Amino acid sequence: MTNWLKRNQKNGSFLAAPTVVWLLIFFVLPLVIVLVVSLMSRGRGGVAELPFTLAHYARSFDVFSIILWRSIGLAALTTVVCLIVGYPLAFFISTRRRRRAQQITLFLVILPFWTNFLIRTYAWRILLGDEGTINGFLMSLGVISEPLSLLNTQFAVLVGLVYGFLPFMVLPIFASVERFNFRYVDAAHDLGANDVRTFLRVVLPLTMPGVLAGCALVFIPSVGAFVTPDLLGGAKGLMIGNLINNQFGGSGNMPLGSALSIVMMAVVMLSLLVYVFANRRDTGA
Amino acid sequence: MTSYDVELKDIVKDFESGGGRVRAVDHVSVDIADGEFFALLGPSGCGKTTTLRLIAGFEQPTAGHILIRGRAMEGIPAYHRPVNTVFQDYALFPHLTVEQNIMFGLQMEGVHKREAVKLAGEALEMVRLPGVGERKPHQLSGGQQQRVALARSLVKQPAVLLLDEPLGALDLKLRKNMQYELKALQRDVGITFIYVTHDQEEAITMADRIAVMNEGKMLQVGTPKQIYEHPETHFVADFIGETNFIAGALTERGGDGYGSVRLQDGSVIRAQLADTLGSAASAVTVAIRPERIGISTPLNPPTAFGGGVDSSEIAMLDALLVDSQYIGTDTRFTLRIGDGIELVARLQNIDDLAVNTLRIGQKVKVFWQESSATVLDR
């Protein structure tokens, strides 16, 4: 038995068979279906029918381009804010000398996952609402006389997305800083670099893999976000995820929904390509 | 006007550790001259690396003053000090090429890029590693990385180069070669080297002066010869090379720097008194190097010291040869003198008669020059 396993070590592709079958049935096949549907015409009740057409793609880029760009823009902004907030946080956590302090801060980052995402997003409605916590507090202080309209804005969506995806930025950067050898900081100081230059020339480049991974992990789910804009964004904060949802639900246009899905996937694929390219240049491979 | 490059004045460094305080450097004072090759020698945890890091500016002393070229270093960050460090693990920036690594320090000084490229090339030639500028550090061997680290520091032309066990990660043969090369390089560039090592042989072969450290204290500072031949403490004698320690009681202090010590079996020997010997000390130990001990039998009379030495200046004791061990260049003899006291003597394997006629169980005499033995605090 052992010998047989050894002999087949190199051509052990059969070990991957269950995965391949699973992916074929539940990933590739649905994807093909969506692709085909996106190229068909809209029939009665929103279902797809022949003939084939590119009209839905034309509409995706025409009428809905505002929402597409808004999604990309909001996702990019979310990524930037997460990076600005998350990098120092990850750095703080991984540079705690005491193991216990590190465990606790890391635990606090992961803690929100213990509660359902939907419920946490609802909580933001209470915080941001016209009679919500923030407005109530500011008005009681007399800073403002009328409530700020925070809810149902793109700002609210941004806040919700940053809140939801911040851990995905923090964790990979944390892992990168953990691996970072602080002897390089000594070496940079030794060679005459002050703190700012040390950070820009040595620390940041060497933790770049974590930064890139974090950006990918935040940007990709942000583009397709659906719950957050639905609950916090209202009409002004509509994103492509909501649009797709509408096409399959209320509006009843499955081919258009499929086309929008494909477009969104293309955006994600493009950002992944950027990630892979940046990573490859970074590691010098 | 003295030209000291580095002056340490009563340096103390405490570290917080789990609620307690650990004293890593304990009242260390030393002056290091311009162009000197100065070794900090000691076992791991003795404070030698901390001392180096204090000079570099990576740590701040708890008390005391550090002067570099006469200038006080209080409040001067590492990146403004005229020193550079070669780290134990080299700490070459992995994301930069060899050339970029060497240019890093120059660019921080604002040296123009074209000039920096030229200087980097020259630095690589100086460490005999031309043509690797485009490579990444991980594509080089350990020895090559070591040279790059050296080039990266030397290109800055520091007043003082600090080296933290720079050869520690190299294999023995490469180490030996690098020792000679480093020493030659230091002579060429004329920069003061402060060299941290736990390898006594390395310190002895390379350094102009050695400071032996233990438990944060600087026990003795001197030339390799002074340290080896005239250790001032039990620790130094024990740490550097092999030493015999014979316990005894100091019975007489001569004005000539010699004293008489009565051994446990009642015999009395004379030996040089260490400067550091406590004035009230009576329980002492006599230290003597194995290669300083001669063995005499009726076949081999004690002629080893030649002329000029009065026989009255030679200590001689009866001994029983209990073991011998062939170790290549030398033979190592274990001898029992008196009541359970054992000595080790090393004879070079050049005199077949002396070495080959000795038999285990044989009664012999051991002898040494009184000036070779030192009386230390126990």
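Listed values, structure above:
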{"read-out": "Failed item in (1) farther than 28 Å from A:ILE72 by Cα; (2) more than 14 Å from chain B (Cβ to nearest Cβ), with A:TYR184 passing the rest", "value": "(2)"}
{"read-out": "Sole exception among (1) surrounded by 15 or more Cβ atoms within 10 Å (Cβ to Cβ); (2) within 12 Å of another protein chain (Cβ to nearest Cβ); (3) not polar (S, T, N, Q) for B:GLU134, by number", "value": "(1)"}
{"read-out": "Some residue of the range A:241-260 being more than 14 Å from chain B (Cβ to nearest Cβ) and of a type in the set (Val, Ile, Thr)", "value": "yes"}
{"read-out": "Subset of the range B:70-96 (residues that are out of contact with any helix residue (DSSP H, G or I) (no Cβ under 7 Å at 6 or more places or on another chain), under 16 Å from B:SER153 (Cα atoms) and more than 9 Å from chain A (Cβ to nearest Cβ))", "value": "B:PRO82"}
{"read-out": "Any hit, the range B:189-206, residues being surrounded by fewer than 18 Cβ atoms within 10 Å (Cβ to Cβ), of a type in the set (Gly, Ala, Ser) and either within 14 Å of chain A (Cβ to nearest Cβ) or within 25 Å of B:ASP89 (Cβ to Cβ) (or both)", "value": "no"}
{"read-out": "Qualifying position, being touching a residue at least 12 places away in the same chain (Cβ under 8 Å), part of a helix (DSSP H, G or I) and within 23 Å of B:ASP5 (Cα to Cα), among B:LEU219, B:LEU182, B:LEU161", "value": "B:LEU182"}
{"read-out": "Failed condition for A:GLY192, given (1) in contact with a Pro (Cβ under 6 Å, 6 or more places away or on another chain); (2) in a loop (DSSP other than H, G, I, E, B); (3) at pLDDT 90 or above", "value": "(1)"}
{"read-out": "Options B:ARG71, B:ARG81, B:ARG128: the member that is of a type in the set (D, E, K, R), farther than 28 Å from B:THR50 by Cβ and under 29 Å from the mean Cα position of the chain (by Cα)", "value": "B:ARG128"}
{"read-out": "Condition met for B:GLN146 (within 31 Å of the chain's Cα centre (by Cα), in contact (Cβ under 8 Å) with a residue 24 or more places away in the chain, more than 9 Å from chain A (Cβ to nearest Cβ) and not in a strand (DSSP E or B))", "value": "yes"}
{"read-out": "Unmet requirement for A:GLY250, which otherwise passes all of (1) part of a helix (DSSP H, G or I); (2) free of Cβ contacts under 8 Å to residues at least 24 places away in the same chain", "value": "(1)"}
{"read-out": "Residue check for B:ILE204: among the hydrophobic types (A, V, I, L, M, F, W, C) and part of a helix (DSSP H, G or I)", "value": "yes"}
{"read-out": "Single residue of the range B:241-253 satisfying the filter (of a type in the set (S, T, N, Q) and surrounded by 14 or more Cβ atoms within 10 Å (Cβ to Cβ)) that is farthest from B:LEU317 (Cα to Cα)", "value": "B:THR243"}
{"read-out": "Verdict on B:GLN100 being farther than 21 Å from A:ASN181 by Cβ and more than 9 Å from chain A (Cβ to nearest Cβ)", "value": "no"}
{"read-out": "Matching residues in the range A:1-60 - criterion: being at pLDDT below 85 and touching an Asp or Glu at 6+ places or on another chain (Cβ under 8 Å)", "value": "A:GLY43"}
{"read-out": "Lone unmet requirement of (1) in contact (Cβ under 8 Å) with a residue 60 or more places away in the chain; (2) of a type outside the set (Val, Ile, Thr); (3) in contact with a Gly (Cβ under 6 Å, 6 or more places away or on another chain) for B:MET108", "value": "(1)"}
{"read-out": "Residue in the range A:166-178 that is crowded, with 18+ Cβ neighbours inside 10 Å, within 14 Å of chain B (Cβ to nearest Cβ) and not charged (D, E, K, R) present", "value": "yes"}
{"read-out": "Matching entry among B:ASP256, B:ASP238, B:ASP265 (being assigned to a helix (DSSP H, G or I) and surrounded by fewer than 18 Cβ atoms within 10 Å (Cβ to Cβ))", "value": "B:ASP238"}
{"read-out": "Only listed residue being among the β-branched types (Val, Ile, Thr), more than 22 Å from the chain's Cα centre (by Cα) and farther than 25 Å from B:LEU174 by Cα, chosen from B:VAL268, B:VAL286", "value": "B:VAL268"}
{"read-out": "Extreme residue, surrounded by the fewest Cβ atoms within 10 Å (Cβ to Cβ), among residues of the range B:268-285 that are at pLDDT 85 or above and more than 13 Å from B:THR374 (Cα to Cα)", "value": "B:ALA283"}
{"read-out": "Flag for A:PRO209 being under 17 Å from the mean Cα position of the chain (by Cα) and within 12 Å of another protein chain (Cβ to nearest Cβ)", "value": "yes"}
{"read-out": "A:LEU138 vs. criteria within 14 Å of another protein chain (Cβ to nearest Cβ) and more than 29 Å from the chain's Cα centre (by Cα)", "value": "no"}
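The values are calculated or read from the model by the stated rules, or taken from the named source; none is laboratory data. Every value quoted in this text rests on a predicted model; they were computed, and no experiment measured them. Note that each Cβ is placed from the backbone with ideal geometry, even for glycine, and that neighbours are counted across all protein chains shown.
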